[in-house]
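Below is one structure, written out as structure tokens; comments come after it.
The values are calculated or read from the model by the stated rules, or taken from the named source; none is laboratory data. Keep in mind the model is a prediction, meaning the values are calculated, not measured. Here Cβ is always computed from backbone atoms with ideal geometry, including for glycine, and neighbour counts include all displayed protein chains.
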Amino acid sequence: MARLAPCGRRLLAIAQRLLAIAQRLLTVLLLLFIVLRVLPADPAAPAAEIGATRQQTSLDEALPMQFAIWLGWLVQGDLGHSSHLDRPVAGLLAEALPATVELAILASSVAVLLGVAGGLVLFALQWGGWQGTGGRGTGRRGETRAALAETGTMLLMSIPAFLWALLFILVFGVLLAAMPFTGRLDPGLSHPFITGFLLLDTLLVGDPRAFLSAARHMVLPAVALGIGFAPLVMRVLRASLIEAYQADYILQARLRGLSEEQVLLRHALGHAALPTLGLLRAQCGLLLGAAVLVEVIFAYPGMGRLLVDAMRNTDLSVIQGVVLAYCAVVLSANVLIDGLHLLLNPRPRAR
Amino acid sequence: MTVLRWLRSGRVLAGLLAVALVLALAVLAPAIAPHDPEAQDLTMTLQPAHLGSAYPLGTDALGRCVLSRLLFGARLALSVAIPGALGAMLLGAALAYAAGYLGGRTDRLIGRAVDAVTLFPPLILILILVFALGAGPTNLVLAIVLVDWTRFCRVLRHEVRVVVQRDHVAAARLLGFSHIRTLAIEVVPATLPLLVTLLALEMGIAVVVEAIVSFLGLGVQPDQAAWGQMIADGRTALHQAPANLLAPAAAILVTVAGFNLLGDGLGRKLAARLVEDRA
């Protein structure tokens, strides 16, 4: 009994979490329904075949009934049919969703890599390096340099992702002609479809030429999207490094005879992992939003481009499906990061 | 006094100058623009930038004056960003004070609403709101308010919770101040600096949102001069007339950097003062 009780409590906690997720999903559906079906005077009016659209989307029913019908379709896995592309929305999403997730993951990696590198430099500038930081002790020069560096990162943060994208196309695509900047593959290469993640699929079918081409096509969009988020990682890292070096465990590590590099890698950087994860969780939606224009500019076949095309053609089923998929991505990223958080941080687990 | 101290910070000053410059150009646009921003001169399309000519920054593919469109674009950008950010602040702050001060069920309900909205990527929600409400600057402002109030609400609610715990608030209640009076005299002033910082940052965000929406051609009429639309058009004529793309890009940078420096500088001064207060 005493051994079963914690297990039961854990199951209950998991059930509660699942319930909370379901509740949030329902809220998203309701909000989406309100925005797309209730706000517009007549959602089907601009569509080409009004009669067909009305019937297909059950617009003649009362609003609560419409919502119920829509939910019923969603439960059956039916996301509707694109009136403009004449294809099921689920099929469109199966291609576009992995592409966007792939871009977002690569861009976050770029942001974290650049951010950690930049954060270390910033920290070293302000504190004159981690060697010999005995807690406090930043000189006047260090402060000036830090202020300059911070104003610099502030200015970098003011450049929106789409301007980075245009700049990269101008410099690396047009002037240097070093990098491809439209689509995902060189012409003539075929697109294998197994998981939908192109980099993974080209590896799975064992086509190194296609993999290289896909990787080269990813560089500019991923860097353009990631670079704008790097300064945020940088600031979080710098703040947690400063906090870490004031903590007793760093002194203890030094007393145990660890080298400064070991102190940094094993203890100080570890301290920054949780705040960085928290930042990624909070910025996930912003990253996906910024990705929309990056996809459009690089003609990258992800959800952003699908959404913009659908809005231009007033393709209501596609808009609904894509926005729902975006929310699903945010929700899954939240759940995933919360899970990682629990793995890395033992404190809430004990409770 | 505080204002004077803020002005001594280089960052705040630089931000203020940039914002004031853009604001002045936007207000004076009708007086100083050399041409009607929508007038087309099809004999003079895609002229390169040449100071001293009739078109100092050249013309676009329809022969419209780039400089004039740039100035009127500033008008549009600020007429979306300023009311959008102010509206988002008013809505977000009102709900944050209610949630933070009243606590309990109100707090939970407002927290739920914030959670629901933030499950959408903000830009995506703005895009579909503009799609649903119809194009036009007014609807874009409305969309920004309906989405970005959560940015204010979330941060400010936390701050209000902290302030409400302080003794001077309890003292005000004991003295028999009404809730409204306690809020107005004891709570709001303590959170005002944070509010100003958030407002400046939000204006920068709104400028970018307006540029993105007009880049996609979803926000404004095709004729209307907007920085995003100028960038989208300028991409196609990069070799003949690079200023078509570079000028609006630079304008966005200056404006957003100005608001960010202002917000960040104010925020840092604020943080420094908070530390001083505690000591």
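Values as computed for the structure displayed
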quantity	calculated
Top-ranked residue in segment A:6-41 [being under 23 Å from the mean Cα position of the chain (by Cα) and surrounded by fewer than 16 Cβ atoms within 10 Å (Cβ to Cβ); ranked as nearest to A:ILE69 (Cα to Cα)]	A:LEU26
Test: residue in segment B:200-222 that is away from chain A (no Cβ under 13 Å) and closer than 30 Å to B:ASP60 by Cβ	yes
One residue from B:LEU238, B:LEU245, B:LEU218, B:LEU198 being closer than 24 Å to A:GLU150 by Cα and not acidic (Asp, Glu)	B:LEU198
Single condition B:GLY63 does not satisfy, out of (1) of a type outside the set (A, V, I, L, M, F, W, C); (2) in contact with an Asp or Glu (Cβ under 9 Å, 6 or more places away or on another chain); (3) at negative phi	(3)
Hits in segment A:161-212 (condition: of a type in the set (Phe, Trp, Tyr) and within 26 Å of B:VAL256 (Cβ to Cβ))	A:PHE162, A:TRP164, A:PHE168, A:PHE172, A:PHE181
Residue check for A:HIS271: without any contact (Cβ under 8 Å) to a residue 60 or more places away in the chain and touching a Phe, Trp or Tyr at 6+ places or on another chain (Cβ under 8 Å)	no
So B:LEU238, is it within 14 Å of chain A (Cβ to nearest Cβ), closer than 22 Å to B:ALA143 by Cβ and at pLDDT below 85	no
Evaluation of B:SER9 against (1) out of contact with any Lys or Arg (no Cβ under 9 Å at 6 or more places or on another chain); (2) modelled with pLDDT under 85; (3) at negative phi (one fails), failing number	(1)
Selected residue [closer than 30 Å to B:ARG11 by Cβ and not hydroxyl-bearing (Ser, Thr, Tyr)] from A:ALA178, A:ALA165	A:ALA165
Which numbered condition B:ALA113 fails, given (1) among the aliphatic types (A, V, I, L, M); (2) at the interface with chain A (Cβ under 10 Å from one of its Cβ atoms); (3) within 22 Å of the chain's Cα centre (by Cα)	(3)
Scan of segment B:82-110 for residues that are of a type in the set (Lys, Arg) and within 14 Å of another protein chain (Cβ to nearest Cβ), ordered by number	B:ARG108
Odd one out for A:ILE159, checked against (1) under 29 Å from B:ARG268 (Cβ atoms); (2) of a type outside the set (Asp, Glu); (3) in a helix (DSSP H, G or I)	(3)
Meets criteria (away from chain A (no Cβ under 14 Å), surrounded by fewer than 17 Cβ atoms within 10 Å (Cβ to Cβ) and among the aliphatic types (A, V, I, L, M)) for B:LEU78	no
Selection within segment A:151-161 - touching a residue at least 40 places away in the same chain (Cβ under 8 Å) and either farther than 20 Å from A:VAL233 by Cβ or among the small types (Gly, Ala, Ser) (or both)	A:ALA161
Entirely in segment A:184-266, the helices (runs of 4 or more DSSP H) that have 1 or more residues that are touching a strand residue (DSSP E or B) at 6+ places or on another chain (Cβ under 9 Å)	none
